[in-house]
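Notes for the one structure printed next.
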Amino acid sequence: MKYKNIILLLLFQLAAVFVYAQNNVDTLLQMLRDHKKEDTTRLLIWATLAKEYTKVDIDKSLSSSDTVIRLARKLNLLGWEANAYNAKAAVYFSQGNYPEALAYIQKALTLAEQIGNKRRIFQSISNVAALNFEMGNYTKALEYFQKGIDISKQIDQKDGTANGLLGISSVYVELGNYPKALEYAQQALNIYEKIGEKPELRESYNILASIYTGLNNINKAINYSEKSLKIDEETGDQQATANDLNNLATVLQSSSNYLQAIEYRLRALKITETMGLGKEQFSTLVELSHDYAKLGDYSKALEYTKRAQKLNEKLGDISGGEDLINLGYIYGNAPASLIVANGFDSAFRYDKALEFLRKGLRIVTERKKLESQRDAWEYISAVYEKQSNHSAALEAYMHFIKLRDSVLNNEKRKEITRLEIQYEFNKKEDSLNLQQQITSGKLKQQEQQLTLNKNQLTISNKEKDLQRLAYLKTQADLQNEQLQKREKEKQLTLAEKEKQLQSVQVTTLSQENDLSKLRRRQQWVYSIAAFVLLGLLVSYLFYNNRIKQGKLRMELAKEKAEQEKKEAEFQRSLADVSLTALRSQMNPHFIFNCLNSIKLYTTQNETAAASEYLTKFSRLIRLVMENSRNDRITLTAELDALRLYIEMEAMRFKEKLSYNISVDKDVEMDYVEIPPLLLQPYVENAIWHGLMHKEEGGRIDVTAAMKKNESLLEINIADNGVGRAKAEELRSKTATRHKSYGMKVTSERIALINQIYKTGANVAIYDVTNDNGEVAGTRVVIQIPV
């Protein structure tokens with residue numbers, strides 16, 4: 001509920017010196033060049049120019065106001081000088097520089113007091129109150145709002161009194177003291193109903209709707225919002241109608257009635273689109289996205305968020321960050337089908353969600369929006385948890401808890417401010433009662449003194465009468481007797497009055513003594529209350545800390561269980577891949593070819609060759625079986641098995657295959673260990689897909705060396721075959737293709753080993769080119785941390 005609007009209406013209603021504001025800057029500058037005399041006319045031109053510059057150049061607007069101040073001082077026109085201070089304050093207020101705006105308003109107030117114009121004083125005091133409210137100085141805001149009410153009553157300005165009452169009501173709304181806010185808002189409403197001013201009535205209804213929302217009386221809140229809408233229909237104010245529709249939707253949103261809230265927001269959106277109200281339209285789109293997301297209708301939520309982003313780009317980035325946070329929430333929770341339909345890979349949906357959430361978080365952090373920061377960290381934690389990144393989820397959740405506590409502390413600070421204001425009010429009330437008692441005693445003393453003076457005057461007059469009647473001897477004696485009698489009566493009266501005066505003094509001293517006792521009692525009560533509050537605060541902090549520790553222990557236990565489950569799955573996957581690697585190395589096709597080769601040697605009576613081939617075959621089978629039992633084997637064992645495999649293939653293909661295996665002298669082959677069955681799939685691939693397509697055959701070179709300054713073993717497998725592209729082309733034309741899964745299985749094994757042991761083993765395959773840039777073979781580079 002935008003109850004602050006009534007306060008903003010009080011701000012910076014500048015004097016009528018800007019009646020020529022429609023003139024453009026160039027015209028005003030020409031007027032200055034034509035009118036050189038420094039008089040009120042030139043002053044008026046500069047003041048109008050300052051107003052015009054606010055639309056194009058803020059710095060020139062401020063400097064123009066400084067010129068107005070200088071001229072006003074020279075001409076001794078305090079009212080103009082005050083107007084210039086108000087103008088500068090308006091500029092700083094529009095920039096959000098409230099301290100600077102407040103400083104200039106204070107100067108305007110000082111001048112208004114010098115002039116003695118109570119209407120100016122009232123306006124300046126109202127502005128000071130409003131700025132203190134915007135800055136969160138609620139005690140000062142209440143003080144100045146009350147001052148403004150007092151002055152408005154003196155000048156019989158009823159709407160000013162009502163504005164001040166609404167200001168006080170707004171302060172209490174901010175402090176969460178809704179009963180007190182309701183008391184002042186009702187007083188303001190009564191005044192506006194008598195005046196009959198509909199715009200002010202509308203603002204009163206909006207504040208009352210906000211108050212009843214805070215009191216959870218949704219029916220009354222809706223009732224006052226509907227009254228505000230009715231006034232909009234009567235006045236035909238479409239912009240106000242859009243604002244009130246959104247306000248009513250916010251009331252419904254607070255009671256989770258999102259469907260009806262959406263209905264009102266759609267009406268507001270239609271008005272803002274028709275009138276071209278960009279900022280209001282953007283805000284309504286963001287709220288619609290939020291409401292649809294809460295209903296679980298992520299398709300609609302995404303639609304309105306995208307519309308909001310498009311409008312934001314058009315308006316020059318007015319985003320407050322909430323739209324991006326909402327978009328991140330949608331991508332983190334929407335169905336996968338919706339994500340795919342919007343052009344994103346569902347596998348990367350959480351990365352996209354985190355991207356939007358972080359962008360929104362950066363904006364709301366810059367603008368110090370604690371509640372939005374809290375929500376962003378909560379959503380980030382949930383996304384990390386869905387990614388099984390439990391450490392990051394835990395860290396994000398700790399940020400969420402910290403910000404949640406900050407929001408709670410902010411509410412506590414407001415409650416403390418409210419209690420301080422109540423204390424100051426009670427103290428002033430006690431002081432006022434005491435002052436009234438003292439004043440009453442002084443009045444009695446003054447009355448007694450006045451009576452005494454009257455008596456003394458009477459005596460003086462009688463003495464004059466005696467002098468005037470002295471010649472009347474016949475009546476002198478009678479007159480003297482009467483005078484003596486009256487004198488005695490007067491003396492008796494004076495004595496009685498003196499006695500009464502002493503009695504009053506005694507009473508006053510007794511009252512002061514009672515007041516001193518009352519103050520001491522209040523000090524005791526406040527001290528006890530402070531100790532009780534301190535005890536409650538310590539208990540709350542202790543309890544809250546226990547809850548936090550319990551949550552952290554649960555999170556750590558959950559993370560540990562997930563990690564153990566993950567490791568078990570890794571081990572199972574590694575075992576499966578290792579078994580697949582063994583199967584791929586000893587695939588039936590290779591065994592079948594070996595047995596055919598042995599048969600061929602036997603039928604050709606090459607018994608020596610058949611015996612040698614059979615010996616190598618059995619030795620290779622034994623090495624493969626032995627090596628596959630271990631997670632890692634020595635480089636010597638792996639190269640022995642590889643050499644046997646290449647020799648058997650060389651014998652089978654006779655002169656078409658040659659090879660060389662060389663190991664750098666710095667490599668300690670008997671100590672360096674690598675995963676078993678790692679190299680053979682790449683050599684097999686080089687023979688079958690690189691060399692066998694060449695009529696004349698080819699050569700394979702296997703080299704192993706340690707990289708300098710790094711603990712990396714680098715193994716190179718190079719051939720001078722037809723290259724990868726040509727081999728793929730030949731395979732596509734061949735009816736019977738040799739299907740080898742060894743390279744794929746080996747890549748999977750390396751990936752799993754890297755995850756389990758946190759290593760950085762990797763494989764890269766390159767084309768080898770000759771001097772003419774033509775493909776002349778393939779090179780496989782395997783890097784293994786040792």
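The values are calculated or read from the model by the stated rules, or taken from the named source; none is laboratory data. Worth saying up front: this structure is predicted, and the values here are computed from it rather than measured. Please note: Cβ atoms are built from the backbone with ideal geometry, for glycine as well, and neighbour counts cover all protein chains shown. Quick note on the areas: whole protein, heavy atoms, side chains included, nothing else; ligands and nucleic acids left out. Shrake-Rupley method; radii C 1.70, N 1.55, O 1.52, S 1.80 Å.
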Residues in the stretch 333-344 that are modelled with pLDDT under 80 and either hydroxyl-bearing (S, T, Y) or part of a helix (DSSP H, G or I) (or both) total 6
Practice item. Say whether the condition of being within 21 Å of the chain's Cα centre (by Cα) and open to solvent by 70 Å² or more (accessible area, probe 1.4 Å) is met by at least one residue in the stretch 320-342. Key: no
Per the filter on the stretch 296-323, residues touching a helix residue (DSSP H, G or I) at 6+ places or on another chain (Cβ under 7 Å), among the charged types (D, E, K, R) and free of Cβ contacts under 8 Å to residues at least 24 places away in the same chain are K300, R307
For A301, the lone unmet condition from (1) among the aliphatic types (A, V, I, L, M); (2) open to solvent by 40 Å² or more (accessible area, probe 1.4 Å); (3) within 26 Å of K352 (Cβ to Cβ) is (2)
Checked Y178, Y172 against criteria (in contact with a Phe, Trp or Tyr (Cβ under 8 Å, 6 or more places away or on another chain), on the phi < 0 side of the Ramachandran plot and touching a residue at least 60 places away in the same chain (Cβ under 8 Å)); the one match is Y172
Determine whether I125 is over 23 Å from T213 (Cα atoms) and surrounded by fewer than 22 Cβ atoms within 10 Å (Cβ to Cβ).
no
Filtering the stretch 94-153 down to residues that are under 29 Å from R367 (Cα atoms) and either touching an Asp or Glu at 6+ places or on another chain (Cβ under 6 Å) or of a type in the set (D, E, K, R) (or both) yields Y98, E100, E134, K140, E143
- [ ] Determine whether the stretch 275-282 contains at least one residue that is touching a Ser or Thr at 6+ places or on another chain (Cβ under 6 Å) and open to solvent by 10 Å² or more (accessible area, probe 1.4 Å).
- [x] yes
Exactly one of K107, K74, K88 is in a helix (DSSP H, G or I) and surrounded by fewer than 15 Cβ atoms within 10 Å (Cβ to Cβ), and that one is K74
Restricted to the stretch 47-104 and to residues being of a type in the set (F, W, Y) and over 30 Å from the mean Cα position of the chain (by Cα), the residue farthest from D26 (Cα to Cα) is Y104
Reported set for the stretch 150-161 where residues are open to solvent by 20 Å² or more (accessible area, probe 1.4 Å) and either within 21 Å of R202 (Cβ to Cβ) or small (G, A, S) (or both) is Q157, K158, D159
Output for Cβ contacts, cut-off 7 Å, separation at least six or different chains, first residue more than 24 Å from D317 (Cα to Cα) in the stretch 340-365, second modelled with pLDDT under 75 and surrounded by fewer than 17 Cβ atoms within 10 Å (Cβ to Cβ), reads V340/S346
By residue number, the members of the stretch 162-207 that are charged (D, E, K, R), within 19 Å of T241 (Cβ to Cβ) and open to solvent by 40 Å² or more (accessible area, probe 1.4 Å) are E197, K198, E200
The correct count of residues that are open to solvent by 70 Å² or more (accessible area, probe 1.4 Å) and either within 23 Å of E385 (Cβ to Cβ) or outside any helix (DSSP H, G or I) (or both) in the stretch 540-550 is 1
Of the residues in the stretch 632-669, those that are in contact (Cβ under 8 Å) with a residue 12 or more places away in the chain, in contact with a Leu (Cβ under 8 Å, 6 or more places away or on another chain) and small (G, A, S) come to A637, A641
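Residues are listed down the side, and each one gets a yes or a no for (1) modelled with pLDDT under 75; (2) farther than 30 Å from D405 by Cβ:
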{"residue": "L492", "(1), (2)": "no, yes"}
{"residue": "S510", "(1), (2)": "yes, yes"}
{"residue": "Y526", "(1), (2)": "no, no"}
{"residue": "A530", "(1), (2)": "no, no"}
{"residue": "L533", "(1), (2)": "no, no"}
Of the candidates F145, F93, the one satisfying the condition of being on the phi < 0 side of the Ramachandran plot and at pLDDT below 85 is F93
Given the conditions (1) touching a His at 6+ places or on another chain (Cβ under 9 Å); (2) within 30 Å of P676 (Cα to Cα); (3) at pLDDT 70 or above, every one holds for I598 apart from (1)
Over the stretch 380-414, the set of residues at pLDDT below 80, open to solvent by 70 Å² or more (accessible area, probe 1.4 Å) and either of a type outside the set (A, V, I, L, M) or not in a helix (DSSP H, G or I) (or both) is N409, E411, K412, R413
(1) under 60 Å from the mean Cα position of the chain (by Cα); (2) part of a helix (DSSP H, G or I) all hold for M625 apart from (1)
Scanning the stretch 684-727 for residues that are under 22 Å from I591 (Cβ atoms) and surrounded by fewer than 21 Cβ atoms within 10 Å (Cβ to Cβ) gives W688, M692
Within the stretch 91-103, the count of residues that are part of a helix (DSSP H, G or I) and open to solvent by 30 Å² or more (accessible area, probe 1.4 Å) comes to 7
The lone condition S618 fails out of (1) of a type in the set (S, T, N, Q); (2) at pLDDT below 80; (3) part of a helix (DSSP H, G or I) is (2)
Residue set N76, N86, N24; condition more than 21 Å from R120 (Cβ to Cβ) and of a type in the set (S, T, N, Q); output residue N24
Within the stretch 666-697, the count of residues that are within 17 Å of M648 (Cβ to Cβ) and either assigned to a loop (DSSP other than H, G, I, E, B) or not aromatic (F, W, Y) (or both) comes to 12
Original post:
In this structure, does D666 turn out to be modelled with pLDDT of 80 or more and under 60 Å from the mean Cα position of the chain (by Cα)?
Top reply: yes
